[in-house]
Amino acid sequence: MKKTLVVFAHPYLEHSNSNVELMNFYVRHQHYTLRDLYEEYPDFHIAAFRERKRLKNYDRFIFQFPLIWFGIPPLLRLWIDEVFDRDWLKEGESNPLEGKEVYILITTGGKERSFNKNGTYQYTVEELISGLIVSLQVFKANIKHIKIVYEANKLSKKDIILHKKEFTELLNQ
């Protein structure tokens, strides 16, 4: 089993049953380390050196977050800005993301049909989180899958469990 770091960022976790269910899954399995950025950095002061060091210890990464105002949560954006290091791209430097598997799990209250060129928002979720995708590509991470859970705030307990099962099956491939 791959040692996996879950970088989780949800500013309103108390209002998200779907995210809590997945968090409980990570906590119960020894190969997953859950880092809740809003719990760890409520003051938004990122310990960048410690975070960079931490990344080196993992084989795989999961970025899990809700879509907030059509983008990634502000603390996750700050974490990326401060932790990802351009020096990793220099010859001879260690790049902790290079070749590592990355999964991205996004929840949104919006309907799937709203996120396309002809929909309400005229952008796909992938386009709205393109900053994260491009950053991971620049650092040569292997983005394996982007899973989007639409209308997450309306899911029944049964639907949440089905999404969790689907995502865990992806991780076990």
TODO: Keeping to the range 116-169, report how many residues are in a strand (DSSP E or B) and either out of contact with any helix residue (DSSP H, G or I) (no Cβ under 7 Å at 6 or more places or on another chain) or open to solvent by 30 Å² or more (accessible area, probe 1.4 Å) (or both).
DONE: 5
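Condition first: in contact (Cβ under 8 Å) with a residue 40 or more places away in the chain and under 26 Å from Val125 (Cα atoms). Now tell me which residues in the range 78-95 satisfy that.
Across the range 78-95, the qualifying residues are Trp79, Ile80, Phe84.
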Task: Subset of the range 106-115 [free of Cβ contacts under 8 Å to residues at least 12 places away in the same chain and open to solvent by 40 Å² or more (accessible area, probe 1.4 Å)] - done: Arg113
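Among the residues of the range 98-105, is any in contact (Cβ under 8 Å) with a residue 40 or more places away in the chain, among the acidic types (Asp, Glu) and under 25 Å from Pro11 (Cβ atoms)? Spell out the reasoning first.
Initial filter on the range 98-105 (in contact (Cβ under 8 Å) with a residue 40 or more places away in the chain): 98-105.
Still in the running and among the acidic types (Asp, Glu): 98, 101.
From what is left, the residues that are under 25 Å from Pro11 (Cβ atoms) are none.
No; the residues of the range 98-105 include none that is in contact (Cβ under 8 Å) with a residue 40 or more places away in the chain, among the acidic types (Asp, Glu) and under 25 Å from Pro11 (Cβ atoms).
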Task: Listing of helices (runs of 4 or more DSSP H) fully contained in the range 1-97 that carry 3 or more residues being open to solvent by 80 Å² or more (accessible area, probe 1.4 Å) - done: 17-28, 48-55
Task: Within the range 5-29, considering residues that are among the hydroxyl-bearing types (Ser, Thr, Tyr) and closer than 11 Å to Gln64 by Cβ, the one modelled with the lowest pLDDT - done: Ser16
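The values are calculated or read from the model by the stated rules, or taken from the named source; none is laboratory data. The structure displayed is predicted, hence computed values, not measured ones. Note that each Cβ is placed from the backbone with ideal geometry, even for glycine, and that neighbours are counted across all protein chains shown. The area values use the complete protein model at the heavy-atom level, side chains included, leaving out ligands, DNA and RNA. Shrake-Rupley method; radii C 1.70, N 1.55, O 1.52, S 1.80 Å.
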